[in-house]
Structure formats: structure tokens, C-alpha cells
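Contents: one structure, followed by commentary.
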Amino acid sequence: MRFLLLSVLLMIASPLHAAERLNVVASFSILADFVRNVGGDRINLTTLVGADSDVHVYAPAPGDAKRIAEAKLVIVNGLGLEGWLPRLVQSAGSKAQVVTASVGIAPLKLSSAADPHAWQSVPNARVYVTDIANALAASAPDDAEFFRAQANAYLEKLETLDREVRDAVSKIPLERRKVISTHDAFGYFAAEYGVQFVAPLGVSTETEPSARDIAAIIGQIKAQKIPAVFLENISDDRLIRRIAAETGAKVGGTLISDGLTGEKGPAPTYIDMVRHNIKALTSALDH
Ligand SMILES: [Zn+2]
């Protein structure tokens, strides 16, 4: 009898619900934000590539294999973004289901491969969230209703966000809807919202541009009448001032493309990131 009572007490004391929470791994910060919004406190979420880190060139940390081995779901972007992931899943000996959240999105091309940056279009983000909600619901049917309700609430926020972007772009005069950017991450944004992103001619995105590069950019800005440039790899203020002085184009501002920032940064969530970018674009392109 005493033994029985003890067992009952132990059962009550053990955090039953926590033990049942679905272990989910998200490959990088933007995806993790979508997963968090759907899963809430019903899941244990681990993010492999966190804030302010580059998902393209990630080198898995020693603890990652363990996290993946313990996961029931591994949620990835796909479209070639996480080239390092298949080997990690294999070496972890994980039985986790790998869910590609971009399924259902028509891929654009980036040079000869698929462009992975589909999240830069808010309608695509809605596809991601729907795919994530379906995967969570299938893995934890008891919580399916919760996940769908969470997803619907978040999808509504994304719809509002999409309208904000369209409103902001519509206020920019048509002929001013183009920027030079060293980012190659805005193809989906450009296609969705009609802002042209022009790559700077002959400039490497890896290194500081030379004086000759700057002259080429100045020529390009003038020839194509480009009102604003986002050249984040130029750290030399004099070069930036020279471009501005010789072309009248606005130079500066930061566009955030491939990952969120920490809590104190301008983009701790996906919605913050899109708002940050649209503000940077409109303040550079409005007159
Ligand atoms: Zn990228």
C-alpha cells in the first residue's frame, strides 16, 4: 500500500506534460521564429544557427548532433540553404523527421541554383508557417488544435505585415523603386513587391571595394538613375561620401537578410526584420 501510494505521488509529481513536449530543432533563427510562433510552450525548440550567425557557412557545434539525435522533428528551409545539414543528421544517427518548410514555394533562381531566400516575401513566410503547423500537428496530434490556432493567429499578423510592405512600396514613386545592394538575398522580395535590386558592377561582396570599383559604381548609379545604394561592405566613410557627393544617391542603411539579431538588435523577430528593411528602403527611396 505504501509502495502504491508512493508510485501515485511520483506520477503526480513528474512533469508529465513537459516530458511529452515535442522536441523540435530549427536550422536557423528565422525559421525558429516561425516554429516558436506555432509551437509556443508545447514544444522544446532548439535553434542550430542562432541570431547574428551565417546559416550559409555554418560549422556544426559539438552539441548539435546530440540535439538532433533527441529531436522528433528537424525543420529546415531547403532550397540548398543548409548544405551542412544532411551529414549532421546522418552522423547523429537521428531518426528525426526532416521537414522542409519551403515546400509549396515556387523557387527562383540565383545564378544556376535555387535561390534559398524565399522568406523575404511575406506570402512565402505564410507558406512556411502553414507547412510548420502541419508538421507539428502530425507529430503531436493531441496538440494539433493548439498548433492550428497559434498558426492562424500568426498568419493574420503576417497578412497585416504584407499589407504594410505593399502600402510602403506604393508610396515610393515607380521610377525610384530600385537600389544597388551587395546582398543577393532579396530576389523574392523584389519579385513580390516590385523593388529592383541591382548588383554593383564587378564588386566582390567579400572584400572592401577599390577606388576603381567605386568609380564603376558611380558610373552605374548615374547610368541607371539609381536613387539609393546599400553597400554594407564599405566601411570607409570617405568612399561612401564620395558616392553620395558624385551621384546624389543616398548611401547607407542596413538591410537584414539571412538571420535575426539578438533581442537588443533591430530584428529579434521576423516581423521586426521585415519592418526594419521596409523602413530602410523607404527612407532611402522616398524623397
Ligand atoms: Zn543568403
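See the values below:
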| read-out | value |
| --- | --- |
| Number of the condition not met by MET273 [criteria: (1) surrounded by fewer than 18 Cβ atoms within 10 Å (Cβ to Cβ); (2) assigned to a helix (DSSP H, G or I); (3) within 16 Å of the ligand (Cβ to nearest atom)] | (1) |
| Enumeration of residues in the range 71-84 that are touching a residue at least 40 places away in the same chain (Cβ under 8 Å) and within 15 Å of the ligand (Cβ to nearest atom) | VAL76, ASN77, LEU81, GLU82 |
| Residues (farther than 18 Å from ASP258 by Cβ and free of Cβ contacts under 8 Å to residues at least 40 places away in the same chain) located in the range 175-196 | GLY194, GLN196 |
| Answer residue from the range 258-270, given it is closer than 14 Å to LEU31 by Cβ and hydroxyl-bearing (Ser, Thr, Tyr) and is surrounded by the fewest Cβ atoms within 10 Å (Cβ to Cβ) among those | THR269 |
| Every residue from the range 116-141 that is part of a loop (DSSP other than H, G, I, E, B) and touching a strand residue (DSSP E or B) at 6+ places or on another chain (Cβ under 6 Å) | ALA140 |
| Per-region count, the range 106-152, residues among the aliphatic types (A, V, I, L, M) and in contact with an Asp or Glu (Cβ under 9 Å, 6 or more places away or on another chain) | 7 |
| Residue that is nearest to the ligand (Cβ to nearest atom), among those in the range 98-119 that are modelled with pLDDT under 95 and of a type in the set (S, T, N, Q) | SER111 |
| Options GLU232, GLU263: the member that is more than 22 Å from GLY187 (Cα to Cα), among the acidic types (Asp, Glu) and assigned to a loop (DSSP other than H, G, I, E, B) | GLU263 |
| Breaking point among (1) over 30 Å from VAL35 (Cα atoms); (2) within 16 Å of the ligand (Cβ to nearest atom), for THR254 | (1) |
| Unmet criterion (only one of (1) among the small types (Gly, Ala, Ser); (2) over 20 Å from SER121 (Cβ atoms); (3) not in a helix (DSSP H, G or I)) for ALA185 | (2) |
| Strands (runs of 3 or more DSSP E) completely within the range 19-100 that count 2 or more residues being under 30 Å from ALA153 (Cβ atoms) and in contact with a Pro (Cβ under 9 Å, 6 or more places away or on another chain) | none |
| Test result for ILE43, within 16 Å of the ligand (Cβ to nearest atom), of a type in the set (A, V, I, L, M) and either surrounded by 17 or more Cβ atoms within 10 Å (Cβ to Cβ) or not assigned by TED's automatic domain parsing to the domain that holds LEU158 (or both) | no |
| Only one of GLU175, GLU192 that is in contact with a Ser or Thr (Cβ under 6 Å, 6 or more places away or on another chain), away from the ligand (no atom under 16 Å from the Cβ) and not hydrophobic (A, V, I, L, M, F, W, C) | GLU192 |
| In the range 106-115, residue farthest from THR47 (Cα to Cα) [restricted to those that are touching a residue at least 24 places away in the same chain (Cβ under 8 Å) and part of a loop (DSSP other than H, G, I, E, B)] | LEU108 |
| For VAL169: the one exception among (1) under 19 Å from the mean Cα position of the chain (by Cα); (2) buried (at least 17 other Cβ atoms within 10 Å of the Cβ); (3) of a type in the set (Val, Ile, Thr); (4) within 30 Å of ALA228 (Cβ to Cβ) | (1) |
| Tally of residues being surrounded by fewer than 18 Cβ atoms within 10 Å (Cβ to Cβ) and over 22 Å from the mean Cα position of the chain (by Cα) across the range 88-104 | 4 |
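Here is a yes/no grid of residues against (1) surrounded by 22 or more Cβ atoms within 10 Å (Cβ to Cβ); (2) within 17 Å of SER257 (Cβ to Cβ):
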site: ASP54; (1), (2): no, yes
site: ALA65; (1), (2): no, no
site: LEU85; (1), (2): yes, no
site: ALA106; (1), (2): no, no
site: SER112; (1), (2): no, no
site: TRP119; (1), (2): yes, yes
site: VAL127; (1), (2): no, no
site: ALA133; (1), (2): yes, no
site: PHE147; (1), (2): yes, no
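The values are calculated or read from the model by the stated rules, or taken from the named source; none is laboratory data. Please read these numbers as outputs of a predicted model, since none were measured by experiment. Neighbour counts run over all protein chains shown; Cβ positions are idealised from the backbone, glycine included.
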